[in-house]
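The values are calculated or read from the model by the stated rules, or taken from the named source; none is laboratory data. From a predicted model like this one, the values you see are computed outputs, not experimental measurements. A quick note on method: Cβ atoms are made from the backbone with ideal geometry, for glycine too, and the neighbour counts reach across all protein chains shown. Heads up: the accessible areas ignore ligands, DNA and RNA and are worked out on the full protein's heavy atoms, side chains in. Shrake-Rupley method; radii C 1.70, N 1.55, O 1.52, S 1.80 Å.
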Amino acid sequence: MKISTDDLLNSILESFDRIEYVKSEDIPNIDLYMDQVTTFMDERMRSAARKPDEDKILTKTMINNYAKNNLLPPPVKKKYSKEHMLMLIFIYYFKGILSIGDIQKLLSPLAEQYFGKQGGLKLDDIYEEVFSLEKEQVNCLKEQVTEEYQKAEKLFREEDDADKAFLQRFSFICMLSFDVYVKKRLIEKLIDDMPEVPVKEKSRGKKEKNRSGHETGK
């Protein structure tokens, strides 16, 4: 694994240190038009893209499709609230590993119970609580990746340098991929076995917020 190997491992670990999430307080507390939504997401999440200069974070077509597939509550008068932004961030992280059906099953209770809620536990409270675990999780991942990298380096040491470099890198990728595979299967099982969330009566404030000619929820 010559870059050198130490340089490669350090580069990987440094990439973990650059991982950031969008804080709830950084999201505008005003309703935004579609262009403003895509611009904000592009600016704040560009560093998470595989190819920052090429990849699209969110497009108008993506957002419209999310709404059509009931992953995202529809905008009100073509404007998206802060809660829409929070839902879009959840969708962005989930869409790389889960099907649309799984994301819908996972996020529908959030939208039903907490989107537009006026009192008690709100969607931004849930968002902040979940992402508050980020640093702790990143540190655990750094330790795990370092251990797997060191295991891969011990393999195929008798091979020629070129073959050894490829086979060690391949082994490292296999270990990471198996970890992703197992966790993906676990996530799918948890979603399949997820209990139904009882539907609570929506607050009057939410009905008024989603009003577009006629009151929703009736």
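Taking ASP163, is it at pLDDT 90 or above, within 19 Å of ASN70 (Cβ to Cβ) and not in a loop (DSSP other than H, G, I, E, B)? For ASP163, the condition - at pLDDT 90 or above, within 19 Å of ASN70 (Cβ to Cβ) and not in a loop (DSSP other than H, G, I, E, B) - is not met. Please work out if LYS189 is open to solvent by 100 Å² or more (accessible area, probe 1.4 Å), at pLDDT 90 or above and not hydrophobic (A, V, I, L, M, F, W, C). So LYS189 passes the test. With respect to the stated conditions, ARG50 fails to be of a type in the set (D, E, K, R), open to solvent by 90 Å² or more (accessible area, probe 1.4 Å) and in a helix (DSSP H, G or I).
Within the set LYS23, LYS79, LYS95, LYS56, the sole residue that is open to solvent by 50 Å² or more (accessible area, probe 1.4 Å), under 17 Å from the mean Cα position of the chain (by Cα), touching a residue at least 40 places away in the same chain (Cβ under 8 Å) and more than 30 Å from LEU155 (Cα to Cα) turns out to be LYS23.
Could you tell me which residue of the stretch 138-161 is farthest from GLU20 (Cα to Cα), considering only residues that are open to solvent by less than 80 Å² (accessible area, probe 1.4 Å) and among the hydrophobic types (A, V, I, L, M, F, W, C)? So, considering only residues that are open to solvent by less than 80 Å² (accessible area, probe 1.4 Å) and among the hydrophobic types (A, V, I, L, M, F, W, C), the one farthest from GLU20 (Cα to Cα) is LEU155. Screening SER15 on (1) open to solvent by less than 30 Å² (accessible area, probe 1.4 Å); (2) within 30 Å of GLU148 (Cα to Cα); (3) assigned to a helix (DSSP H, G or I); (4) not charged (D, E, K, R) shows it passes everything except condition (1).
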